[in-house]
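Worksheet: one structure, shown below.
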Amino acid sequence: MRKRNIPKKATTETVARLLELVSVDLTGPLNTPSINVHRYLIILADAFRKMLWAKPLRNKSDAIPACKV
């Protein structure tokens, strides 16, 4: 797979509160499952604190419950 650079859009949008803007990425199925048979990975990024959270998932259907605060 080739990696491509995607141009970033200039934005004037500012984030004023915690969890106001959260980006989510669901990756998988992974070629090599973890020891606990997790084959998917969900990554959440909070734009306010610039923090990332990654949570392993066994099934793709576990993604929605994993996002609940």
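What follows draws every value from the coordinates through simple rules; no lab data is involved. As the structure is a prediction and not an experimental result, all values here were calculated from the model. Every residue, glycine as well, gets a Cβ built from its backbone with ideal geometry; the counts of neighbours run over all protein chains shown.
Below is a table of values for the structure above.
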| read-out | value |
| --- | --- |
| Charge context of PRO33, other residues only, Cβ under 11 angstrom, K/R +1, D/E -1 | +2 |
| Theoretical gain in end-to-end length, SER34 to ARG58 [0.36 nm per residue, Cα-Cα removed] | 7.7 nm |
